[in-house]
Amino acid sequence: MSVFEPRLTANSNWTGDFVARQLDVRIRTAPDSAFAVEDLVGLALRRNPKRAHLLVSNVLAKHVPTEPALVMAAGTLLGAFVARELCLPTHDAETSRSLAAASAALTTALRTSGADRRHAITGLGDALAGLRTRVPGAVVLGYAETATGLGRLVANALGAYYIHSTRHATPGIESVAGFEEGHSHATSHAMVPTDPHWFDGDGPVVLVDDEFSTGSTVINTIRELHALVPHSLYVVAALLDLRSTADRVRFDALAAELGCRIVVTALGAGEISLGDDILDRAAALIAELPPAGEAAPAGARGRLAMLELTDADIAPIRSDRYGNTAPPADEDVAAVAGQVAALLAAQECRGPFVVLGCEENMYLPVAVANVLAGLLPYEQVRFSSTTRSPIVPINRADYAIAGALTFASHDATLDGPGIRFAYNLSGMHGRPGTIVLFPEPGTGRHDVLAGNPAAGLDPLAVAMAKAADDVVVVLLPADLPPATDGNSTKDAP
């Protein structure tokens with residue numbers, strides 16, 4: 001199977017079947033859900049003693065290389081779902097029909113292959129064009145690391161201020177709020193806005209995540225934010241909502257306790273039930289699996305090139321972790337894509353091409369990938385991202401993670417250096433011809449070439465070069481905020 005041939009839910013194996021059978025995981029789509037849950041996610045096994053399974057999104061591109069236009073369409077559509085929940089005057093019956101039509105178009109794209117798939121995906125832009133609704137008074141918050149790009153897409157659809165939580169170290173910029181993600185392998189999130197008035201308005205607060213099964217992280221977040229500055233309306237938005245009835249009651253109780261409204265919207269909704277002793281059964285299953293194969297033969301390594309752009313080429317990139325009123329300008333995205341395409345041509349790099357963001361740095365790379373899809377053979381351009389999440393790879397069609405790369409972290413984080421991963425760049429997906437890698441803006445070439453020999457971990461760039469014939473590392477300038485001289489970002493200029 002080509003690295004870019006989708007594994008469909010219609011007339012083929014669902015990529016959650018293996019885990020569902022082995023661990024007795026059952027997922028039911030709600031009758032009023034806009035999407036079937038199986039269209040949006042597959043399942044994989046976590047290496048995590050707190051939770052056995054992982055919902056692997058088909059539209060987020062965190063773990064599965066995905067068409068960039070599909071990723072952007074899903075985020076834009078979620079933004080339209082948020083606007084509907086705000087009961088805006090512009091959302092009349094005609095807009096509701098347009099929203100239903102766009103949802104149907106995305107479902108068709110997810111279930112289609114070949115040339116018809118390209119046509120379905122490229123048509124999503126027209127289906128979504130009239131659904132952007134400006135809500136400039138809103139504050140949109142995305143969750144690190146998985147939903148940083150998704151949150152930005154929702155904020156773009158609303159024309160709103162955007163900030164995401166972070167696990168990065170931000171020397172001189174202290175957190176104004178923090179919360180815990182109890183089931184995660186890395187639990188602590190920090191909020192580091194540099195605008196002291198970022199939360200002062202009375203507009204809606206929109207919390208964006210890829211999925212939630214219990215909603216505990218959202219509850220923790222709303223408590224923290226409401227203690228900072230009370231707001232009357234919180235909109236919780238996700239690609240997938242699988243809360244139980246009891247968990248939904250917890251949201252209602254929190255709203256009553258805080259004296260606010262909390263509304264939830266998601267592309268897909270339903271329920272998930274887990275088999276008895278699922279953690280023990282998952283551990284036993286993982287222990288029985290054969291070791292995963294290497295992404296390439298021992299010693300094999302592709303060519304490595306560095307594309308170092310400066311502020312003479314594009315405006316320095318300010319991370320959304322500090323808060324932004326707008327995304328990078330279209331002309332800057334186009335400039336980066338043009339430079340990448342020119343280098344790929346000069347180096348005679350061949351496809352398939354995977355544009356790979358790094359952890360929290362997801363939006364700019366997917367936007368660049370979307371432009372590259374118009375400059376290179378469309379069917380050969382996909383987007384994905386590296387991650388902290390340790391997932392078990394199993395090379396089979398009814399499982400969501402076919403292959404894994406491991407390597408050393410390359411940037412400073414709150415919990416120090418560690419192991420990082422990239423998925424589905426090997427195994428039954430095949431081998432990319434070229435990986436275009438986007439580390440966090442401000443990263444230097446020494447950072448991507450520094451591994452962790454004591455832990456047996458390759459550098460980021462070396463690991464990528466083992467997985468493709470060519471690797472192009474794109475180093476971008478960063479717009480870093482000035483350090484504060486007080487104990488809180490409320491002292492920031």
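The values are calculated or read from the model by the stated rules, or taken from the named source; none is laboratory data. Quantities reported herein were computed from a predicted structural model and do not represent experimental measurements. We place every Cβ from the backbone using ideal geometry, glycine too, and count neighbours over all the protein chains shown.
Pairing residues of the range 92-112 that are within 16 Å of residue 132 (Cα to Cα) with residues that are modelled with pLDDT of 95 or more and in a loop (DSSP other than H, G, I, E, B), at Cβ distances under 7 Å and at least 6 apart in sequence or on separate chains, gives 103/34. Screening 131, 124, 158 for residues that are of a type in the set (A, V, I, L, M) and modelled with pLDDT under 90 leaves exactly one candidate, 131.
Looking across the range 449-461, the residues that are in a helix (DSSP H, G or I) and in contact with a helix residue (DSSP H, G or I) (Cβ under 7 Å, 6 or more places away or on another chain) come down to 460, 461. Taking the conditions exactly as written (modelled with pLDDT under 95, surrounded by 17 or more Cβ atoms within 10 Å (Cβ to Cβ) and farther than 22 Å from residue 57 by Cβ), does residue 296 satisfy them or not? For residue 296, the condition - modelled with pLDDT under 95, surrounded by 17 or more Cβ atoms within 10 Å (Cβ to Cβ) and farther than 22 Å from residue 57 by Cβ - is met.
What do you reckon, is residue 386 surrounded by fewer than 19 Cβ atoms within 10 Å (Cβ to Cβ) and under 19 Å from the mean Cα position of the chain (by Cα)? The answer is no for residue 386. Just to check your reading of the model, which residue among 367, 400 is surrounded by 24 or more Cβ atoms within 10 Å (Cβ to Cβ), more than 18 Å from residue 319 (Cβ to Cβ), under 19 Å from the mean Cα position of the chain (by Cα) and not assigned by TED's automatic domain parsing to the domain that holds residue 175? Exactly one of 367, 400 is surrounded by 24 or more Cβ atoms within 10 Å (Cβ to Cβ), more than 18 Å from residue 319 (Cβ to Cβ), under 19 Å from the mean Cα position of the chain (by Cα) and not assigned by TED's automatic domain parsing to the domain that holds residue 175, namely 400.
Can residue 62 be described as over 22 Å from residue 141 (Cα atoms) and either at pLDDT below 95 or not assigned by TED's automatic domain parsing to the domain that holds residue 425 (or both)?
Details: over 22 Å from residue 141 (Cα atoms): no; either at pLDDT below 95 or not assigned by TED's automatic domain parsing to the domain that holds residue 425 (or both): yes.
The answer is no for residue 62.
Take the residues of the range 21-70 that are outside any loop (DSSP other than H, G, I, E, B) and of a type in the set (Gly, Ala, Ser): which is farthest from residue 127 (Cα to Cα)?
First, pick out the residues of the range 21-70 that are outside any loop (DSSP other than H, G, I, E, B): 21-23, 26-29, 35, 37-46, 53-57, 66, 68-70.
Imposing the further condition that a residue be of a type in the set (Gly, Ala, Ser) reduces the set to 42, 44, 57, 69.
Values: 42: 26, 44: 32, 57: 22, 69: 13 Å.
In this case the residue turns out to be 44.
Filtering the range 393-448 to residues that are out of contact with any strand residue (DSSP E or B) (no Cβ under 7 Å at 6 or more places or on another chain) and assigned to a helix (DSSP H, G or I) leaves 427, 428, 429, 446, 447. Touching a helix residue (DSSP H, G or I) at 6+ places or on another chain (Cβ under 8 Å) and free of Cβ contacts under 8 Å to residues at least 40 places away in the same chain: is that true of residue 120 in this structure? It is true that residue 120 is touching a helix residue (DSSP H, G or I) at 6+ places or on another chain (Cβ under 8 Å) and free of Cβ contacts under 8 Å to residues at least 40 places away in the same chain. Taken over the range 223-266, the criterion of being buried (at least 20 other Cβ atoms within 10 Å of the Cβ), out of contact with any Asp or Glu (no Cβ under 7 Å at 6 or more places or on another chain) and closer than 19 Å to residue 28 by Cα is satisfied by 241, 243.
Which of the residues spanning the range 116-169 are among the basic types (Lys, Arg) and under 20 Å from residue 322 (Cβ atoms)?
Step one: list which residues in the range 116-169 are among the basic types (Lys, Arg), which gives 117-118, 132, 134, 152, 167.
Within the range 116-169, 152, 167 meet the criteria.
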